[in-house]
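Enquirer: Attaching a single structure in C-alpha cells format; questions to follow.
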C-alpha cells in the first residue's frame, strides 16, 4: 500500500501505522495494536487520541478493557471534506486580517527604506523615481541648491528635471544658496518654472523633498544621492523647509 497518499491528506506515519493495524486486527485493546503497528507503548494513546479527533477511530469498553475500532475507510473522505471546509474558513479569516498585515509590512518597510545612488546615472534614476508617481499640483521642495563641482552639467541636469516636473504639473519651490544667484540666472528653467528664494547659508548638501521621499544630494565630481522613503522623515524636512522659506530672501 502506498502510505504516501495518506500522508498527503494529513496523517502522520504513526497514525497511518495504527489505523492500518486496527483495520487488520478489528476491535482491539492496546497491546495487540502496539505489537502490530510496531509503535512504542508510551506513544500509542497519543496517536489513538489524534485518530479519534479525526473521526478515524472509536472505542468501546469490553469487560472493563478499552478496545479501539477503526472507522470505515470511507470515513477518510469525510475527514478530507472537513479538512477542506476548515481550510476554506481559515482562508476567509485570513482575508479579513490581510489588510492589517499588509499595513504593518508597509510601515516596517517604510521605516527601513533607504537607498544610495552614485554618479550622474544614479542621480537620474533617483529623479525619475521622484517623477514617476508625481501628479498635477504636487509640490517639490528643494533646500540648498547650488552648482556643485560641475556647474554646467549640474545646470543641464536640473533644467531637464525641472522642465519634466513642470510638464507633469508639479510645483517646484527652491531655496538656493546665495552664492548661486548669478549662476542660476543662466538656467533655462529659472524664470519660468521655479518659485525661488535665497539664503546665505542653507545646508552643506542639497535636500529634495517630494511627497514621502527625501533625497540628500552631494554634488561632487561623481554625485552621491541618498533616497529615503518615509512619511515622518519627509514631514520633518517639509517643516524645516517652511522655516527656512520664511527667512529666505527673494
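Enquirer: Angle between the Cα long axis of helix 119-132 and the longest principal axis of the chain, 0 to 90 degrees, nearest 10?
Expert: 70
Enquirer: Hey, another quick one. Please work out how much length the chain gains when fully extended from residue 135 to residue 149, using 0.36 nm per residue of separation minus the C-alpha to C-alpha distance, in nm with one decimal.
Expert: 1.9 nm
Enquirer: Also: Please figure out what share of the DSSP beta bridges in the chain is antiparallel and state it in percent, rounded to the nearest 5.
Expert: Roughly 70 percent of the DSSP beta bridges within the chain come out antiparallel.
Enquirer: If you don't mind, there's one more thing I want to ask. Among 85, 179, which comes first, then next, by fewest other beta-carbon atoms within 10 Å?
Expert: Lowest to highest Cβ neighbour count: 85, 179.
Enquirer: Now a separate question. Simple spin-label model, 7 Å along Cα-to-Cβ: residue 221 to residue 118 in nm?
Expert: Placing both labels 7 Å along Cα→Cβ, they lie 1.4 nm apart.
Enquirer: Using Cα atoms only, what is the angle between the long axis of helix 231-247 and the major principal axis of the chain, expressed in degrees (0 to 90) to the nearest 10?
Expert: 10
Enquirer: Something else about it: Only counting other Cβ atoms within 10 Å, I'd like 48, 199 sorted with the fewest neighbours first.
Expert: Taking fewest neighbouring Cβ atoms as first place, the list is 199, 48.
Enquirer: Okay, moving on. For 178, 88, what ranking results if the residue with the fewest other Cβ atoms within 10 Å of its Cβ goes first?
Expert: Ascending Cβ contact count within 10 Å gives the list 88, 178.
Enquirer: Count the DSSP beta bridges whose two residues both fall in the range 111-247, then state the antiparallel fraction as a percent rounded to the nearest 5.
Expert: 60
Enquirer: Between the range 138-183 and the range 1-78, what's the alpha-carbon centroid distance in Å?
Expert: One Cα centre to the other: 77 Å.
Enquirer: Under the Kirkwood approximation for Rh and a Cα-based Rg, what ratio Rg/Rh is obtained for the range 118-250?
Expert: 0.92
Enquirer: Under the 0.36 nm per residue contour assumption, what length would be gained going from the current alpha-carbon distance of residue 66 and residue 178 to full extension?
Expert: 30.9 nm
Enquirer: Order these peptides, 36-42, 226-232, 131-137, by their mean beta-carbon neighbour count within 10 angstrom, highest first. Walk me through the numbers on the way to the answer.
Expert: Details: 36-42: 13.7, 226-232: 16.3, 131-137: 11.3.
In descending order of packing, they fall as 226-232, 36-42, 131-137.
Enquirer: Follow-up question, since we're still on this one. What distance in nm separates the simple spin-label points at residue 186 and residue 23, each placed 7 Å from Cα in the Cβ direction?
Expert: The modelled label-to-label distance comes out at 8.9 nm.
Enquirer: Report the residues of the range 207-225 in range of a label on residue 243: point 7 Å along Cα→C-beta, backbone N strictly under 17 Å from it.
Expert: The answer is 207-209.
Enquirer: Let me see the pair-distance distribution of the chain: every alpha carbon pair, 10 Å bin width, integer percents in order.
Expert: Per 10 Å bin, starting at zero, the Cα-Cα P(r) for the chain comes out as 6, 22, 18, 7, 6, 8, 11, 12, 8, 2, 0 percent.
Enquirer: Taking a ≥ b ≥ c as the square roots of the Cα gyration tensor eigenvalues, with a/c under 1.5 meaning rounded and otherwise prolate when a/b beats b/c, else oblate, which class fits the range 24-160?
Expert: prolate
Enquirer: Same structure, new question: Suppose only helical runs count, i.e. DSSP H with n ≥ 4. What mean residue ellipticity at 222 nm does that imply for the chain under -39500 (n - 2.57) per run, divided by all residues and rounded to the nearest 500 deg cm²/dmol? Walk me through the numbers before you get to the answer.
Expert: Details: 10 runs with 133 residues, N = 250.
Calculated mean residue ellipticity at 222 nm is -17000 deg cm²/dmol.
Enquirer: Cα axis of helix 151-167 to longest principal axis of the chain: angle in degrees, 0 to 90, nearest 10?
Expert: 70
Read the figures in this text as sums done on the coordinates, not as results from a lab. Source: prediction; values computed, not measured. Because the Cβ atoms are built from the backbone with ideal geometry, glycine has one as well, and the counts that use them run over all protein chains shown.
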